[in-house]
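*Asks:* Structure incoming, see below.
The values are calculated or read from the model by the stated rules, or taken from the named source; none is laboratory data. No experiment lies behind these values; they were computed from the predicted model shown. Here Cβ is always computed from backbone atoms with ideal geometry, including for glycine, and neighbour counts include all displayed protein chains.
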Amino acid sequence: MPTAYAIPFAPEATPAVAPRSLLSAWDAARDAASAALEGPPRAFRFAGDPSLDLVLEDRDACCWAEALDRRIGLDHVQGIAVLLRLLALLEVMGRAPWMRGLFDIGRDGTVLHPDLLRAAATQPLDGAARFDEDGLRHRLARPSLPRPRPPTAATGASPP
């Protein structure tokens, strides 16, 4: 019998998380996989619609969920939000070949482009707790603009 969680929101209302929290979750999941950590199956029931239940039975997903449960806990909204976003990120990375230039998975670890990390931490999930690939592509196609610098004392204008 899977460990069960009642999620107090719909997948589309999954809260944003800090990019550093998502990166920490990624590292915890990677470390757990390297250590062959095993976790129990987990069932998530979203608020409002029992047909939206999500069940993790895949060995890797159970490992990652166990790692996050141990590191940040899955007994609160923030922990669940980080897990859902991590799972959605891994899922979209596996199905969207255009994303390959935004991450590098190597023997020594993984490098995620900061824009990809920010998008995964804040982009809304769809009704199936996944990222909308087109929405993600559109967001990542726009270059990040640098923050404006404060005016200089001499001219009152921003430096070039």
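*Asks:* Being free of Cβ contacts under 8 Å to residues at least 12 places away in the same chain, surrounded by 15 or more Cβ atoms within 10 Å (Cβ to Cβ) and not β-branched (Val, Ile, Thr) narrows it down to one residue among GLY73, GLY94, GLY79, GLY106; which is it?
*Replies:* On the way: GLY73 fails: surrounded by 15 or more Cβ atoms within 10 Å (Cβ to Cβ); GLY94 fails: surrounded by 15 or more Cβ atoms within 10 Å (Cβ to Cβ); GLY106 fails: surrounded by 15 or more Cβ atoms within 10 Å (Cβ to Cβ).
None of the other options fit; the residue is GLY79.
*Asks:* Is it the case that LEU86 is buried (at least 21 other Cβ atoms within 10 Å of the Cβ) and outside any strand (DSSP E or B)?
*Replies:* Working: buried (at least 21 other Cβ atoms within 10 Å of the Cβ): yes; outside any strand (DSSP E or B): yes.
So LEU86 fits the description; yes.
*Asks:* Among the residues of segment 109-125, count how many are part of a helix (DSSP H, G or I), surrounded by 14 or more Cβ atoms within 10 Å (Cβ to Cβ) and of a type outside the set (S, T, N, Q). Steps first, answer last, please.
*Replies:* Applying the first criterion (part of a helix (DSSP H, G or I)) to segment 109-125 yields 114-122.
From what is left, the residues that are surrounded by 14 or more Cβ atoms within 10 Å (Cβ to Cβ) are 115-122.
Right, trim to of a type outside the set (S, T, N, Q) and you get 115-121.
Of the residues in that region, 7 qualify.
*Asks:* Taking ARG30 as meeting all but one of (1) at pLDDT 95 or above; (2) over 22 Å from ALA128 (Cα atoms), write down the number of the exception.
*Replies:* Tallying (1) at pLDDT 95 or above; (2) over 22 Å from ALA128 (Cα atoms), ARG30 fails exactly one: (1).
*Asks:* Identify all residues within segment 78-110 that are more than 14 Å from the chain's Cα centre (by Cα) and among the hydrophobic types (A, V, I, L, M, F, W, C); write none if there are none.
*Replies:* ALA96, TRP98, MET99, LEU102, ILE105
*Asks:* What about ILE72, is it farther than 21 Å from ALA128 by Cα and under 16 Å from the mean Cα position of the chain (by Cα)? Walk me through how you get there before you give the answer.
*Replies:* Details: farther than 21 Å from ALA128 by Cα: yes; under 16 Å from the mean Cα position of the chain (by Cα): yes.
Yes: the conditions hold for ILE72.
*Asks:* Which of the numbered conditions does ALA10 fail, given that it passes all the others? Conditions: (1) under 15 Å from ALA129 (Cβ atoms); (2) within 12 Å of the chain's Cα centre (by Cα).
*Replies:* It fails just one condition, (2).
*Asks:* Need the failing condition index for ARG100 against (1) assigned to a helix (DSSP H, G or I); (2) modelled with pLDDT of 90 or more; (3) of a type outside the set (Gly, Ala, Ser), just the number.
*Replies:* (2)
*Asks:* Can we say ASP132 is acidic (Asp, Glu), at pLDDT below 95 and surrounded by 14 or more Cβ atoms within 10 Å (Cβ to Cβ)?
*Replies:* In short, yes.
*Asks:* Would it be correct to say that GLU12 is in contact (Cβ under 8 Å) with a residue 60 or more places away in the chain and of a type in the set (D, E, K, R)? Show your work before the answer.
*Replies:* Working: in contact (Cβ under 8 Å) with a residue 60 or more places away in the chain: yes; of a type in the set (D, E, K, R): yes.
Taking the combined requirement at face value, the residue satisfies it.
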